[in-house]
Structure formats: structure tokens, C-alpha cells
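Visitor: Dumping the structure here so I can ask a few things about it.
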């Protein structure tokens, strides 16, 4: 039985690193050399690696990590019923917003509008009708201040006629006041409120006493 | 004969190559890959990786993708590359849950140009013998031995990669060499 030379650190390093070794260790050193030569074979890179090496497209910055957000302790502590209720409200609110924006497909839009109008006081304007109005305005020259002024002038003229008729009746009658209220003074020219978009329009900040709910044009008797 | 110190593949030009690779220069990636891919592939092959070439590419994808985080010399870079390759190997083993098996002979050697048919066949048989004997070592012994020999890494760097003490690595490499020596003398098969 052959006696083995003890492999001390020096002998081990000599065998592993290709240094000079004792004759009885030469087969072992030769084997270690063969191990080394097996690692000289070129390795073909994968397609992905080859492409990235050719283009230099490597992420050289920080490694992106996905952060998982955890629910807050308050949410975790809620009962299942509360979670369902909050979730339903959030979903309905979001759905209502999306529907109001008209972002849903036509068929779904109609159904969801119907559902929302059923469960909430919200009413949706018929978009097709609105579209027709816009189209008509566009074809006849659009909505302009002149058109609005003419309408206002017609209404004012109508009110003036009614007022004159009331005063005439008052003079014709036996002195009793007429049942018709006296209309307010209507200017001949349209006011600034009659011209949208001029910057001075809009409702007044302070209404006179009793002005709320009062019609500017008295009702026409039958 | 080889010196006791691990050789440097790139040498003095390493900082320039590393700087160019960080800037995305293809030539620099190629230089680093050509120098280190064969030894990384050999390490993974001897460790019984199922797809050593694919795993080598995977390891270099990790290396090149993290170049910005590396600072050090070529020796340290070599150690860092083997650290990443070692981790890729562990990941593969966890996925496959398999022990390293005896590898078949590298028959590609017979198809290579250069050398006589007898020399190539002899080399192929030697390679097969290397795989066979290495597969007979324990996992820890084989790990340390291949990192020392193929990786050209010092005891300290191997200890850092395998997360063991320097003393443990020295003991493992000694036992590995003793086991190989016994098998070689018992079988008497020339390499």
C-alpha cells in the first residue's frame, strides 16, 4: 500500500496554482491542469446578451425594485362590511365621474346613465340632442350677441305693450287698479347681461328685496 | 509553469475597459466577455449546471447590468463575476432541485480545428475524466476546488464567495485534493 505524502498548505498551493510539486504529486498536478484546460472553451452568448453587448443597452443605474404598498392599520382593522361599503361608494363615485365625462362606450354609457339616474338625483343631458343644437347653431352662423339682443328686445317690446295696455285699462276703468302688475322699466337697448362672453355679464352679487323668484316678464293673461 | 498568483487577463488596461463598459461601449463588453466567459462557463459546467452556456450568459447579463455599482481592481472584478455566477448557479439548483450529475464528454472538442485527431480524442477523454472525478467530490469540495483552479481565485476570495471561513476553505481544498489523489492512484487511469 503506497504511503501518502501529507498535503500541507504549501503543497496544496503548488498543486492548485501550477507550481513545482514533489514527484508523487505530479499525477494530481497534471489532473488539476486538465481541469484548468477544460475552462478555456469559448461560450457563445445568448441572443439577448449578444444584442445588448452590441448596442450597449444595459441598465447601469440602480436596480429598480418594486415596492409593495401595504394597507394602513386603520383599513386592516375595519370590518368586512365597512370595507365593502367604502369600496362600493368609491366604485360608484368613480363610475359616475367616468359616465359624466362620457368616456364609456355608447352601449355601456346608456345603461350606466340609466342606472345612475335611477339610484341618484343626477340627470344626464341627452348628448345627441345637444349635438343637434350645436350643429344647428354652427350651420346658421352660430350663437351670437345680436341674436340674443333681438330676443331680449322682442321680450321688452312685449312687456311694454302689456304695460301700456294696463295703464290704458286703468284710465278706462273706474279708478280701481288693474290686476296686472306694472312692469319694470325696460331699456330700449340690451344690457350687458344680454351679451354673453363680454366679461360684465353674470348675476348681480346683491339682489333687491323681493327680487328673488320674480319674473322679469309678467304673465300674459288668457 | 504557472505562477502562484492569479494571472490578469486584461492587465493595466482594465480601468479603461471598465470605464468604457460603464459608458456602454460594445468593444469593452466584448473584451470582458471574451476574457472571462470561458472560465465562468467552465466553472458552471464542472459544477453540473444543466445549461452552462445559458447560465453563463445570464450571469454576464447581471454583471454588465450592475457595472455602475462595481469599484475595484481586475482581481476584484474577477471575484465579483464569479460571485454572481455562483449565485446564478444556486438559483438554478433551487429551481431544478437536482444534484450535479456526471457530465458527458465534451465531444465538441473532436470537431475543432487544429491538432491531430488523436490529440483531440485524448483531450476529450481527459475532459470526460475530469467531469467524472469532479462529480465524485462533495458539493463543498468541488465548489472550492473549481473556484481555486478555474476561477484563479485566492483562498480569501473563495471564502467570501462561498460564505465560509478561510480555514474551512483550506480544509475543503485539501480534502478535495486528497480524494482526487486516491482515485487517481487507485484507478491508475492516465490523463
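The values are calculated or read from the model by the stated rules, or taken from the named source; none is laboratory data. Everything numeric here is computed off the predicted structure, so don't read it as measured data. A quick note on method: Cβ atoms are made from the backbone with ideal geometry, for glycine too, and the neighbour counts reach across all protein chains shown.
Visitor: Does residue B:56 satisfy the condition of being at pLDDT 95 or above and either closer than 28 Å to residue B:131 by Cβ or surrounded by 15 or more Cβ atoms within 10 Å (Cβ to Cβ) (or both)? Quick ask: steps written out before the conclusion?
Guide: Details: at pLDDT 95 or above: yes; either closer than 28 Å to residue B:131 by Cβ or surrounded by 15 or more Cβ atoms within 10 Å (Cβ to Cβ) (or both): yes.
So residue B:56 passes the test.
Visitor: Give region B:165-191 a look and list any residue that's without any contact (Cβ under 8 Å) to a residue 12 or more places away in the chain and outside any helix (DSSP H, G or I), or say none.
Guide: The answer is B:165, B:188, B:190.
Visitor: So which residues in region A:10-44 are in a helix (DSSP H, G or I), within 20 Å of residue B:170 (Cα to Cα) and facing chain B (nearest Cβ under 7 Å)?
Guide: Once the filter is applied, which keeps residues that are in a helix (DSSP H, G or I), within 20 Å of residue B:170 (Cα to Cα) and facing chain B (nearest Cβ under 7 Å), region A:10-44 yields A:12, A:13, A:15, A:16, A:17, A:28, A:31, A:32, A:35, A:36.
Visitor: Could you name every one of the helices (runs of 4 or more DSSP H) located completely within region B:1-93 that has at least 1 residues being free of Cβ contacts under 8 Å to residues at least 12 places away in the same chain and more than 13 Å from chain A (Cβ to nearest Cβ)?
Guide: Because the criterion is at least 1 residues that are free of Cβ contacts under 8 Å to residues at least 12 places away in the same chain and more than 13 Å from chain A (Cβ to nearest Cβ), the helices (runs of 4 or more DSSP H) in region B:1-93 that meet it are B:14-22.
Visitor: If I go through region B:130-145 residue by residue, how many of them are modelled with pLDDT of 95 or more and at the interface with chain A (Cβ under 9 Å from one of its Cβ atoms)?
Guide: Residues in region B:130-145 being modelled with pLDDT of 95 or more and at the interface with chain A (Cβ under 9 Å from one of its Cβ atoms): 1 in total.
Visitor: Ok, one more. Within region A:15-26, work out how many residues are over 18 Å from residue B:146 (Cβ atoms) and buried (at least 18 other Cβ atoms within 10 Å of the Cβ).
Guide: 2
Visitor: Given the options B:116, B:165, name the one that is more than 13 Å from every other protein chain (Cβ to nearest Cβ), surrounded by fewer than 22 Cβ atoms within 10 Å (Cβ to Cβ), farther than 21 Å from residue B:53 by Cα and at pLDDT 90 or above.
Guide: Details: B:116 fails: at pLDDT 90 or above.
Among B:116, B:165, only B:165 is more than 13 Å from every other protein chain (Cβ to nearest Cβ), surrounded by fewer than 22 Cβ atoms within 10 Å (Cβ to Cβ), farther than 21 Å from residue B:53 by Cα and at pLDDT 90 or above.
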